[in-house]
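The values are calculated or read from the model by the stated rules, or taken from the named source; none is laboratory data. Owing to the predicted nature of the structure, the values given are computational and were not obtained by experimental measurement. With ideal geometry, Cβ positions are generated from the backbone for all residues, glycine too; neighbour counts draw on all protein chains shown.
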Amino acid sequence: MLSREFPDGELYVRVPTNVSGKTVVLVECAGRRPNIALVEALLAVKTLQRLGAREIILAMPYFPYARQDSEFSAGEAVSVREVAELLELIGVSSVITVDMHLHRYSSVGELFRRIKAVNVSAMRELALFVHQNYGGGFTVVAPDEEARQWASIFAEEVGVPYIVLEKERRGDEDVTVKGTLSVIGKAVIVDDIISTGSTVVSVIEKLRAAGAKDIVVACTHGLFVAGADAKILLSGARDIVTSDTVPNPFARVSAARPLADGVKMILDGELYGFS
Ligand code: R5P
């Protein structure tokens, strides 16, 4: 698919191949361009349909708008629900994503009622990479209860323990992490998303105060807004490792395998074991 932005910000999309009668996997990278990605998906899906595609599997490695999953203050959009409904309405046959921020929804199936949806994880790949490159003997640290799901997969893959802290967020960059820590020499902080880096920096400060000497940070989706990566490294992390769902300088782990497995499950009609 060809896509470019016109000088006024509108998008141009073209499907230059014959898709008639075919099953198409449309890969849409939302990353730090969530609004563009949604319009791009709309234009691409409608074009693929007009050109006769038989089935359109939308692979969105990073699913945007997932964190606004409730009406926290009166009148707010419940963005994740609306985005899911939009994708259903434009007519994609199924959606696949990686480590979606599922907090108030227990599975993607709860969000997508009319089409198949699959959420795969890159946590096993991240864990193996960290273990191979930085050695074992670490404790996995989840910043909050939501991150337990990712920390537990990560820890299980390489046979290490994990702990879960408590996070209090007062604003976009105003975060405090609480919880009791016994002395941890070596730690790997695991989360789904790093955006401003405030969560991770707060965990690093807590770990350092508890005596941690060696801290690596791992996440699936590295958005790194407003110099978040520099902030994390300056606060004392040895390194950052992310998957490649969002292009960034720390994306050293490929999410292609879990994505391909998920697409295969959709094509084979075997969704058992996926959320
Ligand atoms: C939200 O709860 C997510 O799991 C991440 O912890 C969050 O998005 C990180 O954001 P930031 O890097 O801005 O603290």
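Filtering Pro64, Pro143 for residues that are closer than 19 Å to Met1 by Cβ and at pLDDT 95 or above leaves a single hit, Pro64. For the stretch 46-64, the criterion of being crowded, with 21+ Cβ neighbours inside 10 Å and of a type in the set (Ser, Thr, Tyr) is satisfied by at least one residue.
Of Ile184, Ile163, Ile153, all but one fail to be more than 23 Å from Ser254 (Cα to Cα), surrounded by 18 or more Cβ atoms within 10 Å (Cβ to Cβ) and either among the hydrophobic types (A, V, I, L, M, F, W, C) or within 10 Å of the ligand (Cβ to nearest atom) (or both); the exception is Ile184. A single entry from Val177, Val190, Val225 fulfils the requirement of being within 14 Å of the ligand (Cβ to nearest atom), at pLDDT below 95 and either of a type in the set (Val, Ile, Thr) or touching a strand residue (DSSP E or B) at 6+ places or on another chain (Cβ under 7 Å) (or both): Val177. Restricting the stretch 91-109 to residues that are outside any loop (DSSP other than H, G, I, E, B) and of a type in the set (S, T, N, Q) leaves a set whose member that is nearest to Gln149 (Cα to Cα) is Thr97. Taking the criterion of being of a type outside the set (Phe, Trp, Tyr), in a strand (DSSP E or B) and more than 22 Å from Gly222 (Cα to Cα), the residues of the stretch 1-54 that qualify are Leu2, Ser3, Arg4, Glu5, Leu11, Val13, Arg14, Thr23, Val24, Val25.
Residue-by-condition table, conditions (1) in contact with a helix residue (DSSP H, G or I) (Cβ under 8 Å, 6 or more places away or on another chain); (2) modelled with pLDDT of 95 or more; (3) of a type in the set (Val, Ile, Thr); (4) surrounded by 13 or more Cβ atoms within 10 Å (Cβ to Cβ):
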{"position": "Leu234", "(1), (2), (3), (4)": "no, yes, no, no"}
{"position": "Thr245", "(1), (2), (3), (4)": "no, yes, yes, yes"}
{"position": "Pro249", "(1), (2), (3), (4)": "yes, yes, no, no"}
{"position": "Arg252", "(1), (2), (3), (4)": "yes, yes, no, yes"}
{"position": "Pro258", "(1), (2), (3), (4)": "yes, yes, no, yes"}
{"position": "Gly269", "(1), (2), (3), (4)": "no, no, no, no"}
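Look at the stretch 23-36: where a residue is under 21 Å from Phe224 (Cα atoms) and a partner is in a loop (DSSP other than H, G, I, E, B), sitting 6+ places away or on another chain with Cβ atoms under 6 Å, you get Ala30/Tyr62; Ala30/Pro64; Gly31/Tyr62; Gly31/Val246; Arg32/Leu223; Pro34/Pro64. A single entry from Thr220, Thr245 fulfils the requirement of being closer than 30 Å to Ile115 by Cβ and within 12 Å of the ligand (Cβ to nearest atom): Thr220. Checked against (1) more than 26 Å from Met265 (Cβ to Cβ); (2) within 14 Å of the ligand (Cβ to nearest atom); (3) in contact (Cβ under 8 Å) with a residue 40 or more places away in the chain, Ser195 passes all but condition (3). If the condition is being farther than 13 Å from Leu42 by Cα and either within 16 Å of the ligand (Cβ to nearest atom) or without any contact (Cβ under 8 Å) to a residue 12 or more places away in the chain (or both), then the stretch 83-103 contributes Thr97, Val98, Asp99, Met100, His101, Leu102, His103.
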